[in-house]
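The values are calculated or read from the model by the stated rules, or taken from the named source; none is laboratory data. The model shown is predicted, which means the values in this text are computed figures rather than measured ones. Using ideal geometry, Cβ is built from the backbone for each residue, glycine included, and neighbour counts are taken over all protein chains shown. In case anyone asks, the SASA skips ligands and DNA or RNA and just uses the protein heavy atoms, side chains included. Shrake-Rupley method; radii C 1.70, N 1.55, O 1.52, S 1.80 Å.
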Amino acid sequence: MKKQVSYDSFINACRNCTNCDLAKTRTNVVIGRGANLNAPVMLVGEGPGEQEDLTGQAFVGRAGKLLDHLLTALMFNPEDYYICNIVKCRPPNNRAPSLEEAKACLPWLRCQVKYIKPKIIVCLGATALKYLVSQDARITQVRGNWVDRPGFFRIMPTYHPAALLRDPKKKEEMFLDMKKVREYLKTIS
Ligand code: URA
Ligand code: SF4
């Protein structure tokens, strides 16, 4: 109950945030989506797209539907995961967020990680990898390999689902990466 109250005040603070220029062009602040605020898996994308900006919900467009499909196929339960982004306001024309925008928004994501306390963080694509793992990491090289943060969580880098829409050959690789997440999840739950 206490957790719910403080999460609500976190949501209000995000909705009123003007810490970067993306505040000027957004329709809605997109905080995250999930049936369980104690979900063991947190998936982190880049930033809201058009549908997300309009609805205020994370990953509800084509990429999000594909992601939900993949998670369902791997028998994840809705209670297993929570989905959010590096930035909470839509970058105009779906460009990648700038360094300044990402740095302005990361404290909110850190706060979310503290509430949810995931055991696993999945980096969806290059932007999440850049800010959660390393500037120099390349998704094609590191995807599918665990990055451990002992005492906190393990990170699984994989493709962004939008990359699968552009190149369906990546579907199988992402499926294998998420299968590793599913298998590890079974060992800890
Ligand atoms: N792409 C993202 O990175 N995040 C969303 O919420 C939707 C599309
Ligand atoms: Fe605030 Fe993040 Fe939105 Fe920028 S993107 S205004 S830091 S919530």
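Considering only alpha-carbon pairs that sit under 8 angstrom and 6 or more positions apart, the relative contact order computed for the range 119-168 is 45 percent. Quick one: of Lys130/Lys170; Lys119/Lys179; Lys103/Lys130; Lys88/Lys180; Lys88/Lys170, which pairs are farther than 18 Å apart, Cα to Cα? Lys130/Lys170; Lys88/Lys180; Lys88/Lys170, as the Cα separations exceed 18 Å there. The value of relative contact order for the range 83-165, using C-alpha pairs under 8 Å at least six residues apart, is 28 percent. Where only DSSP H runs of four or more residues are counted, the chain gives -13500 deg cm²/dmol as its mean residue ellipticity at 222 nm, each run worth -39500 (n - 2.57).
Rounded to the nearest 20 debye, what is the charge dipole size of the chain about its Cα centre when +1 sits on each Lys and Arg Cβ and -1 on each Asp and Glu Cβ?
Here the size comes out at about 260 debye.
May I ask you to list, by number, the DSSP H helices of the chain whose Cα span along the axis is at least 27 Å and whose average Kyte-Doolittle hydropathy reaches -1.0 or more?
Span-like helices, by this rule, are 170-188.
Accessible surface area normalised per residue over the chain is 52 Å², counting heavy atoms of protein chains with a 1.4 Å rolling probe. For the Cα trace of the chain, dividing Rg by the Kirkwood Rh returns an Rg/Rh value of 0.93.
Report relative contact order for the range 1-86 in percent, whole number only (criteria: Cα-Cα under 8 Å, sequence separation at least 6).
Working: 103 pairs, mean separation 32.5, N = 86.
Value for the range 1-86: 38 percent.
Of the accessible area of the chain, computed with a 1.4 Å probe over protein heavy atoms only, carbon and sulfur atoms account for 52 percent. Oblate is the label for the range 106-189, because a/c, from the alpha-carbon gyration tensor with a ≥ b ≥ c as root eigenvalues, is 1.5 or above and a/b does not exceed b/c. Positive end of the dipole of the chain (Cβ unit charges, origin at the Cα centre): among Ile120, Val87, Pro161, the Cα lying farthest that way belongs to Ile120.
Ignoring aspartates and glutamates fewer than eight residues from Lys171 along the same chain, the ones with Cα atoms less than 15 angstrom from its Cα are Asp68.
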